[in-house]
Each structure stands twice: as structure tokens, then as C-alpha cells.
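Notes follow the structure.
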Amino acid sequence: MNYYSTNRQSPVVDFKTATIQGQAPDKGLYFPQQLPVWEADWLKQLPDLTDEEIAFRVMKPYAGAVIPDDELFRICSETVNFPVPLVKLQNGVYALELYHGRTLAFKDIGARFMSRSLGYFMRQRNKPVTVLVATSGDTGGAVADGFYGVEGVEVVILYPKGKVSQVQEQQLTTFGGNIRAVRVNGRFDDCQALVKQAFLDRTITDQLFLTSANSINVARWLPQQFFYFFAMKQWPLEEVAPVIAVPSGNFGNICAGLLALVTGLPVRHFVAACNANDVVPRFLHGQEYEPHQAIATISNAMDVGNPSNFVRILELFHHERNRLKEALSAFSFSDAQTMDAIRQVYNGNDYLLDPHGAVGYLALKKYAQQHHDAPGLFLETAHPVKFYDVVEPIIGEKIPIPPSIEGVMSRPMQFTEMEADYATLKDYLWSGLG
Ligand SMILES: *Cc1c(COP(=O)(O)O)cnc(C)c1O
């Protein structure tokens, strides 16, 4: 499989080059040149297959020949080493829990796949690589965990000061070793802009071999398709295809779902669940596509005012808004609505949502209301304990810290503090060269 840039100015590359480069030199995003078509017969067998078999089969055409089958199978099986259960909340309303991985959010899947793929590619060369990544909260922890101790890889994580939760900040800043955290006095979009600028700076890239671990990287983006296959594997209502609501920020995860749909997975419709950052809902409701500054909300991992991956979604639907609207709806919800949903579902269904999952729940319900109670599922993208500072006051109870993260919570934080200023970041990256 080869990948072209959505800006169409850079050469076509294979999966290895796309993974190592992250973003295409012309600033576009890499996109697969030919899409596979999943056979209906194979899709019917999903319930009988293991998660690792499914993951391998899904990634095989995308990775192509650059990773041998046995190596790809190993990477896939290490990636999907935790359960992804589909849980019933109400009639026709299910939650797909993506938070049973090591950093308690769905980003573990993409980060584990990418770190292992990059580790494999790096074994074949002897220059070290620096992974530079901006996080709105969950990417940082997942990337730190995925890359910790991977030889030949240095990681620099930029995160916005005061805009990530306590658990997230602990997960970002307590690794040490080959992981460095930078606390930026700004928003997520500022962090993302700094990262993008570094990639375009020849004086940096001539010296440092830089790559990104943001969801723009194909090795993080594509494995997120697994979720949708795992959902179908467990979907109990045989005769109806599910609606799937996806809490969305940078739109990487839902774009993976739409890719699965376009290549044959029988999903009835996708719903992008957004907080106050509503560029995409506005666009799908007929307005111009107008990126804005990110607005801070309680679902902070979705506080993105200029979603990077939306261009891939447009590419997938050949930039035809009407075709896109057949597959995708989008709604925006306020923090007050999100808090209400957490309270109601906790009291009514004995199920604790995190703020991101709560937005997903609201979006699924809203779509169902408008479409004769169409059954579906939403992605529960993070464990509620990651946002205990938000969730505990809503339900008036303490959430126990899972044993898996107790260690992280007690280690001291280490980070460099920085203004959202490119010259400062550049000095910092230079200093790491010595
Ligand atoms: C990153 C994240 C999202 C948004 O995912 P995108 O792929 O950026 O749209 C939603 N929920 C949680 C918990 C996240 O960490």
C-alpha cells in the first residue's frame, strides 16, 4: 500500500516512510492510495475471530510489504492486549469501553501500534529519532507509555498548562528516561502549532530526525479501525446495523471508523459527538468550515478548534458534502448537558460515564430521537477516574483509583515550563542535541 499527501505536492511513499515522516513534506496528511474492500463473508466471521486476528487482518493491506507477517502479527497482538467490551446501558444503547489499556484511554491502541512499528523500523537504521507530539491530555500519556524504553527513540511531549487533568499530567510527566514533558503556557492548539512549526523548520530537521506521534501519523490513525471491528464482533442485534457515536476532537478516531465503513464494515451511520468546539457540526449543518481557537471544556481531550484529521474525512468522501452527510452527522453539547448526562446515567443506569463518553452518549441519543430510536453504541473513550476532578463533584462520590495507575499517581512530576513561543521551543530542542 502506498500513501499520497492530501496536498498532492509530495511524492507517494510506503507505510514505513509515512510512519517515519508523520506529516508529508508539503504539510498534507498521508492517505492510502487504494482502499481494501472487506468481504462480507469475512465480516460475518468476526464473532469467531480473536482480537489479534482481526487486528492483523485489518492492518495487513495498509502495512503492505514493509513489515513481515510474523512481525506485524506480533505488533498487533501486543497492541490489542486488553479487553474492549461492549456494555448494554439501555435498550438499543451500548457503550464500547476503550479504556482498559495502560493509560485508561483509547489512545493506547494507536500509541502502542505506532511505537512498536517505529521501533521495528528503527532497528533497521542507526540514527535515533525524536518523536515530537502535542497533547490535549490523553495522547501524551499513551505515547509516553508506548515509547518508554524503546531504543533509538527520544520523545518530547507538549501539553497545555492547566488544561489537562491531574491524572493525565501525572501520566505525562512521571516517566523520565527517554520521555520529556514540556508544559506550555497556552492551549492545545498552541502546542499543535508549535509542533507543526518545528516540522517545517529546516534548521531543526536537518539536525534532528523528527517525527510526530499525533493522530496525523498513519501508524496511529489506522489501527483505530480495530474498535469498529471489535464493536461489530460483539453487536448483538443481528438484523440492524448500529449507529456509532464517537466523541471527537481532532477527528482521527471517527475518521478511522468512516474508513472502516467505506471499505465495507456494516455500520448504519456515524455521529460525531462534540463539545463546544463545534467547527464540524456547523459545517455539516450547512455553514462554512471555520476553524477557531479551542474553547476549554470539561471534555478537554476534545478541545480542538482546528481538527487535523477532518481533511482526511473530506478525502474519503471526495470532498462532497452531501455524500459525507449520508454517512456522518455531528452534534455539539455544552458542559451543563454533559454533566446532566453523567448524573442521569449514573443514577438511572448505574453506569459511570467520563465527560467524553457522556458527550458520545448524548450524541447517540439525539440521533436516535430523530431516527425512530435507531439502536447504536457510543465509544467510552476514557476511564472516568482520569477526570475524577470533574466527575466526583457531579455524582457526589469518590471514584477509586485503579491499582494499575496507583504507581503513576505517587511518582514526582518532571517537566520543563515554556511560553507558547517557537524560539523558546527551538532552543529547547537544540539543547537536547548536545
Ligand atoms: C483524544 C480523545 C478524544 C478525541 O479523539 P480524536 O481522535 O482526537 O477525535 C476523545 N476522547 C478522549 C478521552 C480522548 O483522549
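The values are calculated or read from the model by the stated rules, or taken from the named source; none is laboratory data. These numbers were taken from a predicted model, which means no experiment stands behind them. Reconstructed Cβ throughout: ideal geometry from the backbone, glycine too, with neighbour counts over all protein chains shown. Heavy atoms of the whole protein, side chains included, go into the accessibility calculation; ligands, DNA and RNA do not. Shrake-Rupley method; radii C 1.70, N 1.55, O 1.52, S 1.80 Å.
What to note about this one:
- Relative intensity, log₁₀ I(q)/I(0), of the range 112-233 from a Debye sum that treats every alpha carbon as a point, q = 0.13, 0.18, 0.22 Å⁻¹: -0.52, -0.97, -1.32
- Here residue 161 is the anchor, and the aspartates and glutamates within straight C-alpha reach of less than 19 Å, apart from those fewer than 8 places off in the same chain, are 138, 169, 189, 190, 303, 389, 417, 419, 421.
- Considering helices alone, the calculated mean residue ellipticity of the chain at 222 nm is -12500 deg cm²/dmol, with DSSP H runs of length four and up weighted by -39500 (n - 2.57) and normalised per residue.
- Applying 0.36 nm per residue to the separation of residue 8 and residue 42 and subtracting their alpha-carbon distance, the gain on full extension is 8.9 nm.
- On a per residue basis, the convex hull of the C-alpha atoms belonging to the range 388-434 measures out at 132 Å³.
- Pairwise Cα inverse-distance average, inverted: Kirkwood Rh of the range 4-89 (Å): 15.0 Å
- Carbon + sulfur, % of accessible area of the range 261-312 - ligands and nucleic acids excluded, 1.4 Å: 50 percent
- Charge tally for residue 145 (other residues, Cβ to Cβ under 10 Å; Lys, Arg +1; Asp, Glu -1): +2.
- Reachable lysines from residue 163, criterion Cα separation under 25 angstrom, eight or more residues apart if same chain: 107, 196, 386, 398, 426
- For the chain: relative contact order, % (alpha-carbon pairs under 8 angstrom, 6 or more apart): 19 percent
- Note on the range 238-299: along the principal axes its Cα atoms extend 41, 26, 17 Å, ordered by decreasing extent.
- When both the range 96-164 and the range 379-427 are represented by their alpha-carbon centers, they are found 16 Å apart.
- Projecting label points 7 angstrom from Cα along Cα→Cβ for residue 417 and residue 373 puts them 5.6 nm apart.
- Most mobile of 42, 221, 235 in a GNM of the chain (Cα contacts under 10 Å): 42
- Excluding same-chain neighbours fewer than eight residues apart, the aspartates and glutamates reachable from residue 365 by a Cα-Cα span under 13 Å are 373.
- Coordinate range along principal axes, alpha carbons of the range 106-178, Å, largest first: 39, 21, 16
- Percent of beta bridges antiparallel (DSSP, the chain, rounded to nearest 5): 20 percent
- The equivalent ellipsoid of the range 272-425 has semi-axes of 30, 25, 13 Å, largest first, where each one is the square root of 5 times an eigenvalue of the Cα gyration tensor.
- In the range 336-434, the ratio of gyration radius to Kirkwood radius, Rg to Rh, stands at 1.18 when only Cα atoms are counted.
- The residues of the chain have, on average, 38 Å² of accessible surface per residue, using a 1.4 Å probe with all protein chains present.
- For the options 34, 124, 166, a Gaussian network treatment of the chain with springs between C-alpha atoms closer than 10 Å singles out 124 as fluctuating the most.
- Beyond 38 Å, the tail of the calculated P(r) for the chain holds 15 percent of the Cα pairs.
- Surface composition of the range 363-434: carbon plus sulfur atoms hold 53% of the accessible area, using a 1.4 angstrom probe and ignoring ligands, DNA and RNA.
- Rg ratio for the range 41-155: its Cα radius of gyration over 2.2 N^0.38 Å, N being its residue count, equals 1.20.
- Highest GNM mean-square fluctuation among 353, 35, 222, for the chain modelled with Cα contacts below 10 Å: 35.
- As a length-normalised measure over Cα pairs under 8 Å and 6 or more apart, the relative contact order of the range 17-163 settles at 16 percent.
- Rounded percent of accessible protein surface that carbon and sulfur make up, the range 120-195, 1.4 Å probe: 41 percent
- GluC sites (Glu not before Pro) within the range 2-78: DSSP coil, no more than 12 neighbouring Cβ in 10 Å: 39
- Sequence of 151, 169 when ordered by accessible area, the most exposed leading, probe 1.4 angstrom: 151, 169
- Note on residue 340 and residue 206: the model spin-label points, each 7 Å out from Cα along the C-beta direction, lie 5.8 nm apart.
- Label-point gap, in nm, between residue 322 and residue 401 - each point 7 angstrom along Cα→Cβ: 5.6 nm
- Taken along its principal axes, the alpha carbon cloud of the range 277-335 reaches lengths of 33, 19, 18 Å, longest axis first.
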